[in-house]
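Just so it is clear, none of the values below were taken in a lab; they were calculated from the coordinates. Predicted model, so just to flag it, every value in this text is computed and none were measured. Cβ: placed from backbone, ideal geometry, glycine included. Neighbour counts: every protein chain shown.
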Amino acid sequence: MPDGEGWLTVRKVWVGAAFAVSSVLAFTLLLVVGVYVIAGSVVGGAGGGAKALAKGSVPAAYQALVQKWGNLCPAINPALLAAQLYQESGFNPKAQSHAAAQGIAQFIPGTWATHGIDGDGDGDRDVWDPKDAIPSAATYDCTLAGYVKDVGGNLTENMLASYNAGAYAVIKYGGVPPYEETQNYVKRIQALEKSFAAPVGRVDPSKQAAGAIAFAQKKLGTLYLWGGNGTPEQGGRFDCSGLTKAAYESVGITLPRVANDQYNAGPHPKRDELLPGDLVFFSDDLTNSRAIRHVGIYVGGGYMIDAPRTGAVIRFDPIDTPDYFGATRVTEDGAKALPTTV
């Protein structure tokens, strides 16, 4: 641990911050208990029907395309289309897989040859151009939905199953086929859809919030370490996303390592609907969740616990700053749905 004037300065800053939020320390447990009280009275979730995109969930360069083409047919919506693109490529138009899948929508050459369209009307069909690939992805979804429209059950689930296993399998089994990979794919996309959809009504509280906050509180005063995961070799130190990952891991939820992927681990409550345990995010680009650079755990009263930067310690900080991006209420299903390759 460093000593001397520099460390004293850091320590004074932290002590001052702790004093400024003494009310937060005093009431955090009450706020956490409130999570469970509210859980009994809050109704909602993402809701049904047409879904608008959550703020900044899709990079600004693609948002209008996803919003437009996500309404192409009843089987899809903008949030579902966004979930598929994120799952496939993390919105990377240059993505290429080991199986030769290409572009933001990860079409394999054979499928692109059949289903790729000239989405922007410039005279070509370019799998690497999101203005062609995103419309093609929506068109392909709707084509698959047309193949299985007479199959019983949920049309969207059958369409997603067709995307993964082929329409023949869905028709053969009269719905989502009994393939573990296909069933998991359907669940994963539908869980991700909730993260990309702007909530309709209030978002249900997280049952794991109290444990995540308790973990983070025990780390108050610990020096920041860039890339820190809290391992013994690292002296139990964390960076911002390492802390939030460890906090939720302590209650059985595995989050991605990077803050901008953690943003997609559940639905997004509004600022005036935050509850203790929500993850709060910060960015220099408020139109793009992929540009998020910082995360903390909300504890109530406008404050979070976070690991701010090199030279600082894990502490309480205010969230109402110009770079506040938004929040995520972590869910187990949402975390499980996140791809590991973006």
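Here are the numbers:
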| item | result |
| --- | --- |
| Karplus-derived 3J(HN,Hα), 6.51/-1.76/1.60, for each residue of the range 205-218, Hz, glycine and proline x | x, 8, 6, 9, 4, 4, x, 5, 5, 4, 4, 5, 4, 5 |
| For the range 62-163, average projected area of the Cα convex hull in nm² | 6.1 nm² |
| Gain in span if fully extended, ASP120 to THR310, counting 0.36 nm per residue against the direct Cα distance | 63.8 nm |
| Positive dipole terminus of the range 199-334, leading residue within GLY277, GLY235, ALA291 (C-beta point charges) | GLY235 |
| Spin-label model distance (nm) - ASP150 vs ALA52, 7 Å beyond Cα toward Cβ | 3.9 nm |
| Of LYS51/LYS194; LYS194/LYS219; LYS149/LYS194; LYS172/LYS194; LYS68/LYS270, those spanning more than 21 Å from alpha-carbon to alpha-carbon | LYS194/LYS219; LYS149/LYS194; LYS172/LYS194; LYS68/LYS270 |
| Per-peptide average of other Cβ atoms within 10 Å, ordering 74-87, 197-210, 320-333 highest first | 74-87, 197-210, 320-333 |
| Rounded, prolate or oblate (a/c below 1.5 giving rounded, otherwise prolate when a/b exceeds b/c) for the range 229-342 by Cα gyration tensor | rounded |
| Efficiency of FRET from Cβ geometry, GLU181 and LEU220, R₀ 56 Å, rounded to 0.05 | 0.85 |
| Candidate aspartates and glutamates for bridging to LYS218, where Cα separation is under 13 Å - those fewer than 8 sequence places away on the same chain excluded | ASP306 |
| Pairwise FRET efficiency - TRP128 versus LYS207, Cβ, R0 = 45 Å, nearest 0.05 | 0.55 |
| Label-to-label distance, nm, for residues given as THR231 and GLU249 (7 Å Cα→Cβ offset) | 1.0 nm |
| Burial ranking of peptide ranges 59-65, 135-141 (average Cβ count within 10 Å, highest at the top) | 135-141, 59-65 |
| Protection-proxy order for peptides 268-277, 179-188, each taking the mean of Cβ atoms within 10 Å per residue, highest first | 268-277, 179-188 |
| Rough spin-label spacing in nm, given labels placed 7 Å along Cα→Cβ, for ARG257 and CYS142 | 4.1 nm |
